[in-house]
Amino acid sequence: MNTTVHTKSKITEWVNVFSQLIGRENVLSTLEDRLCYACDGSKQKHIPDVVLQPHTTQQVSHIMQFANEKKIPVYPRGAGSGLTGGAVPVEGGIVLDFTQMNRILDIIPEDLTATVEPGVVTHTLQKEVARYKLFYPPDPASAAFSTLGGNVAECSGGITGLKYGVTRDYILSLEVVLADGNIIHTGRKTLKNVTGYDLTRLFVGSEGTLGIFTQITVKLLPLPEKIQTLLAFFSSPQDAVKASNQIISNNLLPRALEFIDKSSIRCIQGYKKEIKIPSDVHAILLVDVDGREESVQTEISLVEKILTGNHTLHVISAKDNKERDILWEVRRALSPALYTIAPFKINEDICVPRSRILEMLQRIDTVCEQYPSLQIANFGHIGDGNIHVNIMYKDKSQRLLAEKAIGEILRNTVELGGTISGEHGIGNVKSEYVPVEIPLRELNIMKDIKNLLDPNGILNPGKIFQ
Ligand SMILES: Cc1cc2nc3c(=O)[nH]c(=O)nc-3n(C[C@H](O)[C@H](O)[C@H](O)COP(=O)(O)OP(=O)(O)OC[C@H]3O[C@@H](n4cnc5c(N)ncnc54)[C@H](O)[C@@H]3O)c2cc1C
């Protein structure tokens, strides 16, 4: 485990200054406290020198002015659920913990907008806006604990991406504290806005490397009246992929269209005995359709017809919300269930054009054959081409082998016109593969933007670029 990298006397000076700026109670400096901020979902460990818990934009601005002057690395952090090391303080310095800035500032139903502080948990916002019959669609599987700040920084996706898009599509304006402490406002709280360059989009997905979000205005939609779910079993992935393509080519746009492969199915069975899946099932599709009551009935029967026309072994339809929950349990069980294969996992989130999904799955199989000691399980948001490739390995000595297999999978993804990250971001975990996808000239433009906004390189150093 790497530890703090700055001298004791410097850190003592920082603690004194930050205590004056934001109050001693919001400055965490004991080893026990700092250890809690050493990791994120990527399971790396780097202990920060100090953790700060600001309550206002002004406090963030003051912190940044000092950090910039002293060239101290600053790592913004929401819930620390990121899977690519985004919030991990790889160079020590400051972790800026946003969990105390967690107020929903307004919900304006007439404008279809809400403005929040970055530490608001995604599911909290979803629940609050639902009281006004409004809907915030981006729905990462981590919505119960991840924050809006983290979602915006990673441009998180989720199961509703096919129909509703991703976080980027819902961010109207941002309040951003820049590396030098200056506060700027991007976009407007309007549903349309084309004045000037789209700075909001530049910051969305910037992984805490360009600026720090202190207020976020999101777009809302009317809450769908009804959601209906189908679970379909197939004997081959080819049939499942064909069925999913036909659903979309028949002008149907499900709220969710999820795919689960054979290896993933086997782990669910091992993990939850109550989930019974016949042994001849080699692929599963899970489909949600939403909208007004009457249109949902029509659409779900059309989807069912397409599924049964593509050699399904069995289709189960949920009659009510309780049954819907049971069907979704199959998908929810997946992440923990994978550990029944092996104790170590590398989780990739590649995305290819939908027309190349089958080819991508075949190429993953080919890579898998070259590494017989590893196991690969695939599932994901097939509707938008986003496949979660999970490489499972039995002990740490296989890590290098797993990384080699990943390199091949990512190169194949880019060859098929895809991207190495559909939703989890790059962080430091995938930075070595960025040049596989992004040509040098484009990469240099990105680096120029970074240098313009953060000339001292203090914002989340060690991320995205190598
Ligand atoms: C079980 C599980 C399921 C998941 N499912 C999904 C999924 O379905 N889809 C998906 O896209 N992701 C998923 N994730 C990944 C993760 O939850 C998302 O990336 C999420 O958006 C991270 O939010 P967070 O609050 O935890 O951010 P953190 O992990 O704390 O930080 C993530 C990044 O955001 C930056 N950041 C945080 N706050 C700010 C701020 N205020 N200003 C600027 N930068 C900031 C950090 O520096 C870091 O780079 C999952 C993770 C887990 C553990």
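Over the residues of segment 69-219, compute the C-alpha Rg and express it relative to 2.2 N^0.38 Å. Can you show the working numbers first?
On the way: Rg = 14.8 Å, N = 151, 2.2 N^0.38 = 14.8 Å.
Normalised Cα radius of gyration, segment 69-219: 1.00.
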Quiz item: Quick one: Karplus J couplings for segment 36-43, per residue in order, coefficients 6.51, -1.76, 1.60, θ = phi - 60°, nearest Hz, x for Gly and Pro?
Solution: 5, 10, 7, 10, 9, x, 7, 6
Quiz item: Can you give me the relative contact order of the chain as a percent, contacts being Cα pairs under 8 Å and 6 or more apart?
Solution: 15
Quiz item: Using a cut-off of 19 Å between alpha-carbon atoms, which aspartates and glutamates can reach K430, once sequence neighbours fewer than 8 places away in the same chain are excluded?
Solution: D40, E91, E154, E207, E348, D349, E403, E408, E415, E442
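Is the chain best put as rounded, prolate or oblate by its Cα gyration tensor, with a ≥ b ≥ c the root eigenvalues, rounded for a/c under 1.5, and otherwise prolate when a/b is larger than b/c, oblate when not?
Because a/c hits 1.5 or more and a/b exceeds b/c, the chain counts as prolate.
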Quiz item: Straight-line reach from K226: which aspartates and glutamates have a Cα under 16 Å away, not including same-chain ones fewer than 8 places off?
Solution: D288, D290, E293, E294, E299, D320, E323, D325
Quiz item: Helix 399-415 sits at what angle to the longest principal axis of the chain, using alpha carbons and giving 0 to 90 degrees rounded to 10?
Solution: 70
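Under the definition of Cα pairs under 8 Å and six or more residues apart, what whole-number percent is the relative contact order of segment 342-440? Kindly include the intermediate steps, with their values, before the conclusion.
On the way: 145 pairs, mean separation 36.7, N = 99.
Relative contact order of segment 342-440: 37 percent.
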Quiz item: With every protein chain present, what accessible area does R356 have (1.4 Å probe, heavy atoms only), rounded to the nearest 10 Å²?
Solution: 80
Practice problem: Whenever you get a sec, line up S249, S206, S235 from highest to lowest accessible area (probe 1.4 Å, protein heavy atoms). | Solution: S249, S235, S206
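With r as the distance between the Cβ atoms of K226 and L416 and R0 = 25 Å, compute the FRET efficiency 1/(1 + (r/R0)^6) and round to 0.05. Let's see the in-between values first.
Numbers: r = 36 Å, r/R0 = 1.46.
With R0 = 25 Å, the Cβ-Cβ based efficiency is 0.10.
Cβ neighbours within 10 Å, averaged per peptide: list 329-342, 64-77, 270-283 in order, most packed at the top. If you can, show how the numbers build up before the last one.
On the way: 329-342: 17.9, 64-77: 20.6, 270-283: 13.5.
Going by the mean number of other Cβ atoms within 10 Å, highest first, we get 64-77, 329-342, 270-283.
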Self-check item: In range of the label at R356: residues from segment 240-270 whose backbone nitrogen is under 19 Å from the point 7 Å along Cα→Cβ
Solution: 241-242, 245
Quiz item: What residues have an amide H closer than 5 Å to that of I171, excluding those fewer than 5 places away on the same chain, when H is modeled at 1.01 Å from N in the peptide plane?
Solution: K219
Exercise. Could you tell me which of rounded, prolate or oblate describes segment 226-336, using a ≥ b ≥ c as the square roots of the eigenvalues of the alpha-carbon gyration tensor, with rounded for a/c under 1.5 and, failing that, prolate when a/b is larger than b/c and oblate otherwise?
Key: oblate
Exercise. Mind ranking L105, L400 by accessible surface for me, highest first, 1.4 Å probe?
Key: L400, L105
Exercise. From largest accessible area down, sort D106, D198; use a 1.4 Å probe on the protein chains.
Key: D198, D106
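Among the listed pairs K8/K43; K163/K450; K276/K322, give every one whose C-alpha distance is greater than 21 Å. Walk me through the numbers before you get to the answer.
Numbers: K8/K43 26 Å; K163/K450 32 Å; K276/K322 17 Å.
Listed pairs above 21 Å: K8/K43; K163/K450.
The values are calculated or read from the model by the stated rules, or taken from the named source; none is laboratory data. Since we're looking at a predicted model, the values are computed, not measured. Backbone-built Cβ (ideal geometry, glycine too); neighbour counts: all protein chains shown. The protein model used for the area step is the full one, side chains on, heavy atoms only, and it has no ligands, DNA or RNA in it. Shrake-Rupley method; radii C 1.70, N 1.55, O 1.52, S 1.80 Å.
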